[in-house]
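I have placed the structure first, in the form of structure tokens, so that the comments after it can refer back to it.
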């Protein structure tokens, strides 16, 4: 009986110590990558920005997957937009990141921040709340959903 009790206790102890996979976190390599993407976007460093995306990435800015852009189309639009502003940035104090692993095993990084930009035309500052969700596959972003309020 004593051996049976010790065996049962050992099994419980071993299974209790098994490491379970994190499905939600605020620190991960994917978050670090996405921080680099945001930094490259703010600096308009399009080569670094592009280096974090899969060649086949789908970019959905306020649209559905049916109307998704390619990464090159998104960068071209960003360059065009940048020509209208003196500057743009996200304040570090206003941003949040989280990573989620779905039931299907997909890895997504969520970003929230207030996009601040100063328009050249009237020197007025605009502040727009933004939520971006980036899907990762093989350490690269393969889907990006950007929703500006």
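Listing for the model above:
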read-out	value
Hits in the stretch 40-64 (condition: in contact (Cβ under 8 Å) with a residue 60 or more places away in the chain and outside any strand (DSSP E or B))	52, 62
Residue within the stretch 126-139 that is surrounded by 14 or more Cβ atoms within 10 Å (Cβ to Cβ) and more than 20 Å from residue 29 (Cβ to Cβ) present	yes
Residues satisfying the stated conditions in the stretch 97-120, i.e. part of a strand (DSSP E or B) and out of contact with any helix residue (DSSP H, G or I) (no Cβ under 8 Å at 6 or more places or on another chain)	100, 101, 108, 110, 112, 115, 116, 117, 118, 119
Qualifying residue in the stretch 77-96 (condition: part of a strand (DSSP E or B), surrounded by 14 or more Cβ atoms within 10 Å (Cβ to Cβ), under 17 Å from the mean Cα position of the chain (by Cα) and modelled with pLDDT of 90 or more)	yes
Index of the failed condition, residue 37 passing every other in (1) touching a helix residue (DSSP H, G or I) at 6+ places or on another chain (Cβ under 9 Å); (2) in contact (Cβ under 8 Å) with a residue 60 or more places away in the chain; (3) not in a helix (DSSP H, G or I)	(3)
Single residue of the stretch 121-148 satisfying the filter (farther than 25 Å from residue 72 by Cα and in a loop (DSSP other than H, G, I, E, B)) that is nearest to the chain's Cα centre (by Cα)	124
Index of the failed condition, residue 105 passing every other in (1) surrounded by 11 or more Cβ atoms within 10 Å (Cβ to Cβ); (2) closer than 23 Å to residue 22 by Cβ	(1)
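The values are calculated or read from the model by the stated rules, or taken from the named source; none is laboratory data. Computed from a predicted model, the values in this text were never measured in an experiment. No Cβ is skipped: glycine too gets one built from the backbone with ideal geometry, and neighbour counts run over all protein chains shown.
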